[in-house]
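Participant: The following block contains the structure, expressed as structure tokens.
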Amino acid sequence: MKVLLANAPTRIPVEGSNGGRELFYVKAGSRWPFSIDKAPSEAARYVPFPFSMAYLAALLEKASIPVDVIDAVALNMPEDEFLARAAKSAPTLIVMEATTPTIEADLALAGRLKAATGATIALTGAHTTVFPKETLQTTQAVDWILTGEYEMNALAAIQAAADGGPDLETRLAAVRGLVRALPATDGGERVLVEGLPGEPIRNLDELPFPARHLFPTPEAPSMWPYWDGFCQRRPAVQMHASRGCPFKCTFCLWISVIYSQGPYRVFSAKRIVDEMEEIVKRYQAREIYFDDDIFTVKEDHVVALSEEILKRGLKIAWSVMGDAMAVTEKSIDAMARAGCIGMKFGVESADPEVLKKLRKPVKIDKVRKVVDWCASRGIKTHATITFGLEADTPETMQRTLDFCCSLPVDSIQFSTTTPFPGTEHYRNAKGAGLIDDSDWSKFDGARSSVLKYASMSTEYVESFAMRAPSVWLRSRLKDPAWLKRQTKYFARVARDQGLPGVVRRAERGTRLLFNLAR
């Protein structure tokens with residue numbers, strides 16, 4: 001038994017660009033699948049680390065099961081090269097993550113992989129977790145669906161398949177979270193076998209460190225390709241300190257589908273700092289980015305982790321995906337003292353009724369306090385905003401944009417809402433007849449809206465989201481205190497990333513300022 005873990009490419013030429021531009025899809029590792037408009041030879045400005053695959057790779061190594069890795073997204077690899085590399089690997093089983101906007105391309109690629117390798121093919125990810133049977137009925141190429149939080153269940157299924165034996169079917173049927181298609185007999189339809197639902201991993205410390213030494217390929221391991229543009233130093237190695245979220249926002253795909261609204265769980269402070277030390281020593285990290293669902297929700301955990309970093313004298317800059325809901329000034333102070341230099345957090349809207357509909361318990365006054373707490377301690381801030389939410393109108397979106405223009409956050413991300421299958425947001429819209437889900441490729445929040453509105457068109461939402469960055473940046477350029485902070489942050493980038501890093505930031509800022517595409 002040999003397992004290939006594949007983060008497969010989806011790259012679609014942009015119409016009218018004569019091959020000069022493509023939509024490059026961010027896949028494994030991202031809680032929000034979307035596309036990036038770029039030149040084919042250009043590296044993507046955002047490449048998340050595929051954590052679930054890396055944890056599974058480590059588990060397989062520990063179980064002495066041969067494992068290969070191809071992260072074609074991180075490598076900017078064309079599909080033909082990916083297929084040739086997969087065929088050369090000669091795997092028995094291929095595990096590949098699919099996403100909603102790329103599902104048709106993923107299924108087509110699965111067919112080509114099957115033809116090239118003859119391997120059993122397993123799909124993972126939120127879309128196939130919501131539609132496991134529908135996916136298996138759509139294609140003959142896919143054999144397994146590994147649903148939800150799949151690492152431990154995948155290991156159990158792979159060990160059973162590797163061991164074989166007359167009771168193999170019984171043992172596979174006992175694996176939680178596994179949906180299988182048995183071969184059709186006499187020309188009939190394949191029989192689908194669904195195990196019990198998966199369960200969350202209760203003790204995260206049972207997971208080994210992700211097998212970073214195999215990514216993006218075992219032949220050329222490197223953390224350099226994995227990059228979040230919010231980070232200020234490079235290489236910025238991504239890791240986790242927790243999983244899940246205690247809040248139940250209606251739009252959150254990962255919490256709703258992958259974790260099935262399960263409990264919030266944390267790695268122990270000792271386990272986290274052990275991994276941080278390995279990352280610094282083995283991968284020469286200059287920054288660590290905690291790409292958690294929500295890093296800052298438990299004050300005692302944040303403080304304990306910060307104190308453990310200080311106690312060991314670990315000198316490394318770090319940043320987090322945090323929140324503006326539950327975070328306290330005590331947590332922010334502890335983080336800053338322990339080396340934190342950046343925090344992202346979601347705001348989504350500044351309208352109380354829209355937030356209430358989302359069940360997102362963020363208070364606008366608290367958002368301002370969090371930005372001030374961070375700014376006074378040298379922590380760069382980044383807020384995320386979503387337009388076209390369930391209760392949005394032209395007036396509520398304008399209210400949100402006005403708020404953003406008055407908020408001294410250091411950077412900001414605007415998107416259009418994407419009600420992904422499996423979320424309450426999707427079910428509400430579907431039940432009310434307000435969603436067009438006839439084309440999954442349109443479920444790309446970086447590019448299009450799929451909702452219908454009583455008071456505005458989808459085109460209005462898309463154009464509003466497109467012009468918002470320029471409006472926001474022009475307002476920030478009038479704030480001397482904000483400009484002074486950006487000078488300091490640019491100095492960090494110049495010191496650690498050199499001229500190329502500064503040029504990338506300047507180009508991005510120019511595109512935002514003049515409302516240019518990409």
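Participant: Residues of segment 317-359 being in a loop (DSSP other than H, G, I, E, B), hydrophobic (A, V, I, L, M, F, W, C) and out of contact with any Lys or Arg (no Cβ under 9 Å at 6 or more places or on another chain), which ones?
Facilitator: Answer for segment 317-359, where residues must be in a loop (DSSP other than H, G, I, E, B), hydrophobic (A, V, I, L, M, F, W, C) and out of contact with any Lys or Arg (no Cβ under 9 Å at 6 or more places or on another chain): just Ala338.
Participant: Right, another one. Would you check which residues across segment 325-370 are touching a strand residue (DSSP E or B) at 6+ places or on another chain (Cβ under 7 Å) and closer than 21 Å to Arg233 by Cα and list them?
Facilitator: Gly339, Cys340, Ile341, Gly342, Met343, Lys344, Phe345
Participant: Report those strands (runs of 3 or more DSSP E) wholly inside segment 177-285 carrying at least 2 residues which are more than 29 Å from Ile385 (Cβ to Cβ) and touching a Gly at 6+ places or on another chain (Cβ under 9 Å).
Facilitator: Those strands (runs of 3 or more DSSP E) span 178-182.
Participant: Could you look through segment 354-401, keep only residues that are of a type in the set (Ser, Thr, Tyr) and under 24 Å from the mean Cα position of the chain (by Cα), and pick out the one that is farthest from Met335 (Cα to Cα)?
Facilitator: Among residues in segment 354-401 that are of a type in the set (Ser, Thr, Tyr) and under 24 Å from the mean Cα position of the chain (by Cα), the one farthest from Met335 (Cα to Cα) is Thr386.
Participant: How many residues are surrounded by fewer than 20 Cβ atoms within 10 Å (Cβ to Cβ) and more than 14 Å from Thr400 (Cβ to Cβ) if we restrict to segment 325-355?
Facilitator: Count: 8.
Participant: Right, here's the next one. When segment 82-109 is examined, which residues are found to be small (Gly, Ala, Ser) and surrounded by fewer than 24 Cβ atoms within 10 Å (Cβ to Cβ)?
Facilitator: Listed by number, the residues that qualify are Ala84, Ala87, Ser89, Ala90, Ala105, Ala108.
Participant: Let me spell it out: the conditions are (1) without any contact (Cβ under 8 Å) to a residue 24 or more places away in the chain; (2) buried (at least 22 other Cβ atoms within 10 Å of the Cβ); (3) of a type in the set (Gly, Ala, Ser), and Ser376 meets all of them except one. Which number is the exception?
Facilitator: Just one mismatch for Ser376, condition (2).
Participant: Could you list, in sequence order, all residues of segment 199-239 that are of a type in the set (S, T, N, Q), over 16 Å from the mean Cα position of the chain (by Cα) and under 26 Å from Ser256 (Cα atoms)?
Facilitator: Correct list: Asn203 only.
Participant: Still on this structure, please answer the following. Is there a residue being over 23 Å from the mean Cα position of the chain (by Cα), in the same structural domain as Asp392 (by TED's automatic domain parsing) and farther than 17 Å from Lys380 by Cβ anywhere in segment 340-350?
Facilitator: Looking through segment 340-350, at least one residue is over 23 Å from the mean Cα position of the chain (by Cα), in the same structural domain as Asp392 (by TED's automatic domain parsing) and farther than 17 Å from Lys380 by Cβ.
Participant: Tell me which residues, restricted to segment 449-489, are touching a residue at least 40 places away in the same chain (Cβ under 8 Å) and among the acidic types (Asp, Glu).
Facilitator: Residues satisfying the conditions are Glu462, Asp479.
Participant: So which pairs qualify, if the first residue must be in segment 31-49 and surrounded by fewer than 20 Cβ atoms within 10 Å (Cβ to Cβ) and modelled with pLDDT of 90 or more, the second must be basic (Lys, Arg) and not in a loop (DSSP other than H, G, I, E, B), the Cβ gap must be under 8 Å, and the two must be at least 6 apart or on different chains?
Facilitator: Pro40/Arg11; Ala44/Lys38
Participant: Sticking with this structure for a sec: If a residue must be among the β-branched types (Val, Ile, Thr) and either without any contact (Cβ under 8 Å) to a residue 40 or more places away in the chain or more than 19 Å from Leu401 (Cβ to Cβ) (or both), how many such residues does segment 356-367 contain?
Facilitator: 2
Participant: Go through segment 360-461 and tell me which helices (runs of 4 or more DSSP H), entirely inside it, have 2 or more residues that are outside the structural domain of Asp333 (by TED's automatic domain parsing) and of a type outside the set (Asp, Glu).
Facilitator: 424-431
Participant: Check off (1) of a type outside the set (Phe, Trp, Tyr); (2) buried (at least 17 other Cβ atoms within 10 Å of the Cβ); (3) not in a loop (DSSP other than H, G, I, E, B) for Asp292 and give me the number that stays unchecked.
Facilitator: Unmet for Asp292, out of (1) of a type outside the set (Phe, Trp, Tyr); (2) buried (at least 17 other Cβ atoms within 10 Å of the Cβ); (3) not in a loop (DSSP other than H, G, I, E, B): (3).
The values are calculated or read from the model by the stated rules, or taken from the named source; none is laboratory data. Quick caveat, the model's predicted, so the values are computed rather than measured. All Cβ positions, even for glycine, are placed from backbone atoms using ideal geometry, and neighbour counts span all protein chains on display.
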